[in-house]
Amino acid sequence: MFHDISPNMQQVMRALEEQVARDQPSLRSVSVDVGRCLSLLAMAAPQGTFLELGSSGGYSSLWLSLAARARGVTLTTVDLDEKKVALARENISRAGAAGSVQVFHGDALDYATRFEQIAFCFSDIEPPEHNAKVYEKVVPRLVPGGWLVIDNVTSPRIQTDLLNRAQTDTRVDCVLLPFPKGDLVCRKC
């Protein structure tokens, strides 16, 4: 999967990486390692919906598109910021991933309730404190073996309540990965 990334997609990914390095606050994005991890987890997901809450410029969407394309599913990604939605659409199109990704403008918490059979969900929304609400909306909708990955759970403010909730929730198994801002990875039991 990683060895078959098209030159167009590689070019768009590099441009986004450079843009984030120059101006992280305006275009937040996951690191390369997080993107690769997301793609691998999505490849291992059972049948069901692929959902991304918080598109930003489309960088994580591109990584997830690799798994979506290989699995024959479509990733639905949503962002509240109209400028980021336009940028994500442009980057996904330029990378040749439009056939595997649909980008929508809207509220992530609303989209979290639109699907009942979620196989994979990545949440990277602003403000990070809303991820506790995402957790409560998505976990009941995950299919058995489905994944929920939440970015930014340790930065800038530690979300102790969310971490405690996930660790004591008998519906999921979870782990906190020490990526730059902490990624909570949950798998539905």
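Residues of the stretch 36-69 that are out of contact with any Leu (no Cβ under 7 Å at 6 or more places or on another chain), surrounded by 17 or more Cβ atoms within 10 Å (Cβ to Cβ), part of a loop (DSSP other than H, G, I, E, B) and touching a residue at least 60 places away in the same chain (Cβ under 8 Å): 45, 48, 54.
Results for (1) among the basic types (Lys, Arg); (2) under 21 Å from residue 153 (Cα atoms), shown as yes or no for each residue.
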| residue | (1), (2) |
| --- | --- |
| 59 | no, yes |
| 69 | yes, no |
| 100 | no, no |
| 117 | no, no |
| 122 | no, yes |
| 129 | no, yes |
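All of (1) farther than 30 Å from residue 15 by Cβ; (2) surrounded by 17 or more Cβ atoms within 10 Å (Cβ to Cβ); (3) of a type in the set (Lys, Arg) hold for residue 114 with one exception: (2).
The condition of being in contact with a His (Cβ under 6 Å, 6 or more places away or on another chain) and at pLDDT 95 or above does not hold for residue 90. Could you tell me whether any residue of the stretch 77-85 is within 28 Å of residue 169 (Cα to Cα) and out of contact with any strand residue (DSSP E or B) (no Cβ under 8 Å at 6 or more places or on another chain)? The answer is no; no qualifying residue exists. Would you call residue 131 crowded, with 22+ Cβ neighbours inside 10 Å, over 13 Å from the mean Cα position of the chain (by Cα) and not hydrophobic (A, V, I, L, M, F, W, C)? No, not satisfied. Scanning the stretch 103-145 for residues that are at pLDDT below 95 and β-branched (Val, Ile, Thr) gives a single hit, 125. With respect to (1) at pLDDT 95 or above; (2) closer than 17 Å to residue 183 by Cβ; (3) assigned to a helix (DSSP H, G or I); (4) not β-branched (Val, Ile, Thr), the lone exception for residue 33 is condition (1).
The values are calculated or read from the model by the stated rules, or taken from the named source; none is laboratory data. In this text the structure is predicted, and so the values were computed from the model without any measurement. Note: ideal-geometry Cβ built from the backbone for every residue, glycine included; neighbour counts use all protein chains shown.
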